[in-house]
Amino acid sequence: MKTIIPFLILLFTSCSGFNHLPSLKFEKLNEKKDLSELEKNIILFSEILEGKVKNCSSVEKLLDSEDVYAKSLLIPYELSLCNWGDDKLYSFLTEKFDSLPYWQQREIILSLESDKYQTSVRRLINIKKLDFINFEKRESIIQDILKLSASPKEIMEAKSLMEETSRDKVKVVTRFNIFSVAEELYRKREFEKAREYYDIVIEDKYFSMDEKVKAWNKKRFSYKQEREKRKYLKVTHEFFNYLKENREYSLHYDIGIKLARIYWTMDEFNKALQVLDYLENNAPNEYKEMVYFYKAGIANDQKDREQNLMHLNKAFNYSSVSSKLFEKIIWKLGWASYKEKDFKKAIEWFDKVDNNKSKFLFWKAVSYKKMSLNEEANKIFRDLQEDDLSFYGQVSTIFTNETLPRMDLHKVEHVFMSQYRDFDWAVYLGRYDIAKEIINSRIINEEEHDELFKYYIAANDYKGSILSFYKLDKELKEDLLEEGAINYVYPLAYLEEFRKYNQSDVVPLEFLLSIARQESAFDRTARSPADAFGLLQVIPSQAKRLAKKYDINYHHFEDLYNPEIVIKIASRLQDELFKKFSGNKIDIIASYNAGENALIKWRNRIELEGLEFIEEIPYRETRKYVKLVSRNFFIYKRMIEGDYKIPDDFFR
């Protein structure tokens, strides 16, 4: 962050402001008929911040009023509307501006229209503006600075800025900047143009093998980003052959493993096995573990239990405790025994992982239960329940027939009162953008955790709160949770909007909250690499279909940043899924993440049900997603309704 607010400015900012916030919410204030002078000033204050009132007299009225506080929020509007003289503005920009917090500098400098001032002031405004604009606008601003420069020193300074920008701006593509050019195109999702440059690197003899490998991988992944699975597969196979031709055998085998995986996920089992057979016969022993592990997975999908077990045992023989695959192989062997109803053997395998992983412990307990060893099973289940926020900890209560206790929340003030009046009033007036900028100016010591979370929640920065919570060490997280800070990591964000705009009579409120927390961490402006948008990460094609079908006011993908619209659309989508899958929570959650076609394919292939089916979902991301959304749902039930007993048929 550019600057830390000096103590005197903080003192001035925190003391200058309304002495207290009104007890009446701002939305209600707007509905009130007989307003006091203070209340009229508050509404005027809001209208200035929103740009509805654009006259100097209104700003000066508030600045002169003894009732009006948080006056520093008005500085940008005073500067832009009240026509400060050149001398006064120049003095402010040179003497006071740099001591202001970053958020306030940005608000001020971007509000100024430089054309109305004399040359020296216009030039200074443009120089200050360089810290707050994106690269695309930088060159034109510097050209303006050059035109406004008079003295040799000023001209030299402007030319220096121009040269600096020219070095950053790509004009001629050379071997030294070709990757940065392609990276910029890649970032903008102009993949076809980026691939042209990657092809140059691949074909030009002057580039090193490391550079060519990098270009091949970028080219491959560009098709994956575009969801062009066939082209992604084709280029990966070309890369595989290219590495063999150039005798880059180690990389050749690495890509071979990836190629086999792609064929496998596309259900082209024979081609996947051909690649794996080639690797088995040609690659060094260090690849055998992975080769047999993948062969086992394919055999499992083909329902060939004998081949599955044979390949898993071969993988185990080539594995070691230090291997990244060791734990996965142990799991698969234990799980294979479990599915064969050899529960004693399953427990033996699960016991080989000695780091007390909850998944292994949970299925060890279930295995004991299957053997009617209830005492041993219940002991493990209750140990797992010590972590009553985890998926397995909560699901264990189904087996012990227990109720999950209510979650006690931090008592949040009706209106959060901080020591910084600018922040309080930005929040009160609904200017969360300003409130977040103030937080980012580091007004709070990050070690003051409880205070920091209150600021995040007050500013509707739920994602900031969640991410900050997970950065804490385990002991501190436990202390905060014991104090009732569950709403810092599981915020009841946009609760009224979810209640109001849920258009389904079968989709529970807690279900919508659970999806939103997992999809966007309640970031209303979230946009995924796959071009899904908003709180519930809806893709535009689905939004268009559902909006037309249910008469929802949606026209453009940016409408999905509006909580009202995205909640209406997502609740309709989930309503369709609830009805299509007869309320089966696993199918609904999995299809929301991976798509209905993928789910139907898995259901046709996998014979297991309930919790066992979840463990068989082929996509790691979807398998994890189903568990996390379910975990969220149980927690939100406990936060909103109180004590909660997971229904026996929840996973059926």
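Observations, loosely collected:
- Out of 471, 477, 436, 463, one residue alone is touching a residue at least 60 places away in the same chain (Cβ under 8 Å) and open to solvent by 30 Å² or more (accessible area, probe 1.4 Å). It is 463.
- Selection from segment 608-644 of residues that are within 22 Å of residue 484 (Cβ to Cβ) and assigned to a loop (DSSP other than H, G, I, E, B): 641, 642, 643
- Here residue 420 passes the criteria (1) at pLDDT below 95; (2) in contact with a helix residue (DSSP H, G or I) (Cβ under 9 Å, 6 or more places away or on another chain); (3) open to solvent by 50 Å² or more (accessible area, probe 1.4 Å); (4) not aliphatic (A, V, I, L, M) except the one numbered (3).
- Flag if residue 255 is under 12 Å from residue 216 (Cα atoms) and free of Cβ contacts under 8 Å to residues at least 40 places away in the same chain: yes
- Of all residues in segment 83-106, those that are more than 37 Å from the chain's Cα centre (by Cα), hydrophobic (A, V, I, L, M, F, W, C) and either surrounded by fewer than 14 Cβ atoms within 10 Å (Cβ to Cβ) or assigned to a helix (DSSP H, G or I) (or both) total 3.
- Those helices (runs of 4 or more DSSP H) lying entirely in segment 107-202 with at least 2 residues over 22 Å from residue 76 (Cα atoms) and open to solvent by less than 90 Å² (accessible area, probe 1.4 Å): 135-148, 152-168, 178-187
- Residue in segment 519-526 that is in a helix (DSSP H, G or I) and within 26 Å of residue 450 (Cα to Cα) present: yes
- Residue in segment 567-580 that is over 21 Å from the mean Cα position of the chain (by Cα), assigned to a loop (DSSP other than H, G, I, E, B) and over 25 Å from residue 495 (Cα atoms) present: no
- Taking residues in segment 540-554 that are closer than 9 Å to residue 569 by Cβ, and partners anywhere that are part of a helix (DSSP H, G or I) and open to solvent by 50 Å² or more (accessible area, probe 1.4 Å), the pairs with Cβ atoms closer than 9 Å and at least 6 places apart or on different chains are 543/557; 546/572; 547/572; 550/572; 552/572; 554/544; 554/548.
- Note on segment 497-523: residues that are touching a residue at least 60 places away in the same chain (Cβ under 8 Å) and under 16 Å from residue 463 (Cβ atoms) total 7.
- Selected residue [acidic (Asp, Glu), out of contact with any Cys (no Cβ under 7 Å at 6 or more places or on another chain), under 20 Å from residue 499 (Cα atoms) and open to solvent by 60 Å² or more (accessible area, probe 1.4 Å)] from 551, 575, 559: 551
- Scanning segment 380-408 for residues that are touching a helix residue (DSSP H, G or I) at 6+ places or on another chain (Cβ under 8 Å), among the acidic types (Asp, Glu) and either over 14 Å from residue 643 (Cα atoms) or in contact (Cβ under 8 Å) with a residue 40 or more places away in the chain (or both) yields 383, 386, 387, 408.
- Restricting the first member to segment 315-343 and to residues that are free of Cβ contacts under 8 Å to residues at least 60 places away in the same chain, and the second to residues that are among the acidic types (Asp, Glu), the beta-carbon pairs closer than 7 Å and six or more apart or on different chains are 315/289; 318/289; 319/289; 323/289; 325/289.
- Residue match in segment 203-211 (condition: under 32 Å from the mean Cα position of the chain (by Cα) and open to solvent by 80 Å² or more (accessible area, probe 1.4 Å)): yes
- For segment 282-293, the criterion of being hydroxyl-bearing (Ser, Thr, Tyr) and open to solvent by 50 Å² or more (accessible area, probe 1.4 Å) is met by no residue.
- Test: residue in segment 486-500 that is in a helix (DSSP H, G or I), at pLDDT below 95 and more than 30 Å from residue 453 (Cα to Cα): no
- Residue among 80, 65 that is under 22 Å from residue 101 (Cα atoms) and either open to solvent by less than 20 Å² (accessible area, probe 1.4 Å) or touching a helix residue (DSSP H, G or I) at 6+ places or on another chain (Cβ under 7 Å) (or both): 80
- When residue 652 is tested against the conditions (1) outside any loop (DSSP other than H, G, I, E, B); (2) surrounded by fewer than 21 Cβ atoms within 10 Å (Cβ to Cβ); (3) among the basic types (Lys, Arg); (4) in contact with a helix residue (DSSP H, G or I) (Cβ under 6 Å, 6 or more places away or on another chain), the lone failure is (1).
The values are calculated or read from the model by the stated rules, or taken from the named source; none is laboratory data. Since the structure is predicted, the reported quantities are computational estimates derived from the model, not experimental observations. Here Cβ is always computed from backbone atoms with ideal geometry, including for glycine, and neighbour counts include all displayed protein chains. All accessible areas refer to the heavy atoms of the entire protein, side chains included, with ligands and DNA or RNA removed. Shrake-Rupley method; radii C 1.70, N 1.55, O 1.52, S 1.80 Å.
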